[in-house]
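S.K.: Below is one structure. I have some questions about it.
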């Protein structure tokens, strides 16, 4: 993985390569950034820079044999851990080592991919994965051995916030006092979900969303788009290169999410003073409850973004609005006046609460029905 293939983030590239050149390599680092910001490709490029003893700020040079091993992400001293769950292939005690073939496929095809893409590749988008205690035992075992090539060993833990408490406690001592020449790189989107005792032992590096110009140049290079189309997609991607790729492929879940959202809003408006409309809300809740939990969380995050965009439009910040609805019968400009200072915080809190309970395996149908009834009341709140 070349640093030059990673979009933008030149200040982070310089920081990582300079510290490695000077021999200042922290034993535990936490890369925190939103989806599609490049935390995973950056971590792999940094691991390659350390393991192959590269210099001059790029993963090229004299150690060609070592660099070639990273073409297939198969360097023997690079270890991976990531959220997994039971599948048709692995019926019990799932750990990352059973899914390395699928993992390398994701890294090759979607290095900026998210958790939803990973579960879909595994064929388990109706389940939630985790990094469990079996995984922690595997990590301890792998790092207790000497490195194959006599240098560093790197343990890369993707979506570290999915580590359960037992696994985190198991790894705590190892992260605090790892064996010689062992480097932990943890990658997370939500830093606060990682237990404090692990966070406090890591050097934290925050990744910003990608600049529009970086996304634009990336999709022009990857997909050979014309300038106007690339500019429009880069704006809609809102700093997320994974979303930009989905928009190019027309593979975004957003089209389905938009249909669900519009039906929900219209049913909520009709429900005031109309008892019959409550059946529409219950039916809507049942339909979405049939999907996987990751899909439900993705949809509720989509709703959060939609409400925020509507509020920005309501208060005249058109230059910050990047949403473009596909439905011809729904105009976000007409919807925007209903989202304002008197209800946006309550709507946001209710959506975040619903995401929280779905993550913890609450009954989706009850959670979504409750959310829809609350939304009916909040949408009719008057603006000051």
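S.K.: So for the pair residue 324, residue 360, with labels modelled 7 Å out along Cα→Cβ, what separation do we get in nm?
M.R.: 4.1 nm
S.K.: Work out, step by step, the length gained on full extension between residue 275 and residue 14: first 0.36 nm times the residue separation, then minus their alpha carbon distance; give nm to one decimal.
M.R.: Full extension from residue 275 to residue 14 adds 87.9 nm.
S.K.: Report the Stokes-Einstein translational diffusion coefficient (µm² s⁻¹, integer) for the stretch 248-297, Rh taken as the Kirkwood radius over Cα pairs, at 25 °C with viscosity 0.890 mPa s.
M.R.: Result for D is 204 µm²/s.
S.K.: Just the C-alpha atoms of the stretch 165-216: what Rg/Rh do they give, with Rh taken as the Kirkwood radius?
M.R.: A ratio of 1.10.
S.K.: To the nearest 500 deg cm²/dmol, what mean residue ellipticity at 222 nm is calculated for the chain from DSSP H runs of n ≥ 4 alone, each contributing -39,500 (n - 2.57), summed and divided by the residues?
M.R.: About -16000 deg cm²/dmol.
S.K.: Could I ask something else about it? Taking only C-alpha pairs under 8 Å that are 6+ residues apart, what is the relative contact order of the stretch 213-252 in percent?
M.R.: Reported relative contact order: 37 percent.
S.K.: Then there's this: Which value results when the Cα radius of gyration for the stretch 14-97 is divided by 2.2 N^0.38 Å?
M.R.: Expressed relative to 2.2 N^0.38 Å, the Cα Rg reads 1.30.
S.K.: Please tell me the relative contact order of the chain in percent, rounded to the nearest whole number, where contacts are Cα pairs under 8 Å and at least six residues apart.
M.R.: 18 percent
S.K.: Specify the angular offset, from 0 to 90 degrees and rounded to the nearest 10, of the alpha carbon long axis of helix 212-223 from the longest principal axis of the alpha carbons in the chain.
M.R.: Rounded to the nearest ten degrees, it is 70.
S.K.: Which value in nm describes the separation of the simple spin-label points at residue 342 and residue 64, placed 7 Å from the Cα toward the beta carbon?
M.R.: Placing both labels 7 Å along Cα→Cβ, they lie 7.2 nm apart.
S.K.: Specify the residue with the greatest mean-square fluctuation among 328, 272, 216, computed from a Gaussian network of the chain linking alpha-carbon atoms under 10 Å apart.
M.R.: Comparing 328, 272, 216 in the GNM, the peak value goes to 328.
S.K.: Can you give me the relative contact order of the stretch 254-379 as a percent, contacts being Cα pairs under 8 Å and 6 or more apart?
M.R.: 35 percent
S.K.: While we're on this one: Taking only the alpha-carbon atoms of the stretch 254-379, what semi-axes of the equivalent ellipsoid follow from 5 times the gyration tensor eigenvalues under a square root, in whole Å, largest first?
M.R.: 22, 17, 14
S.K.: Could you work out the equivalent-ellipsoid semi-axes for the stretch 3-208, taking the square root of 5 times each eigenvalue of the Cα gyration tensor, largest first, in whole Å?
M.R.: For the stretch 3-208, the ellipsoid semi-axes come out as 25, 19, 18 Å.
S.K.: Over the Cα atoms of the stretch 147-193, what is the Rg over Rh ratio if Rh follows Kirkwood?
M.R.: Radius of gyration relative to Kirkwood radius: 1.02.
S.K.: Give the percent of DSSP beta bridges with both residues in the chain that are antiparallel, rounded to the nearest 5.
M.R.: Within the chain, antiparallel bridges account for around 5 percent of the total.
S.K.: For the chain, what is the convex hull (Cα atoms) projected area averaged across all directions, in square nanometres?
M.R.: 20.5 nm²
S.K.: Once the Cβ-Cβ distance between residue 24 and residue 145 is put in as r, and R0 is 25 Å, what FRET efficiency do you end up with, to the nearest 0.05?
M.R.: Computed FRET efficiency for residue 24 and residue 145: 0.45.
S.K.: Taking the Cα atoms of the stretch 213-252, report the difference between the largest and smallest coordinate on each principal axis, in whole Å and largest first.
M.R.: 21, 17, 14
Read the figures in this text as sums done on the coordinates, not as results from a lab. Computed from a predicted structure; not experimentally measured. Neighbour counts are summed over all protein chains in view; Cβ atoms, including those assigned to glycine, are modelled from backbone coordinates with ideal geometry.
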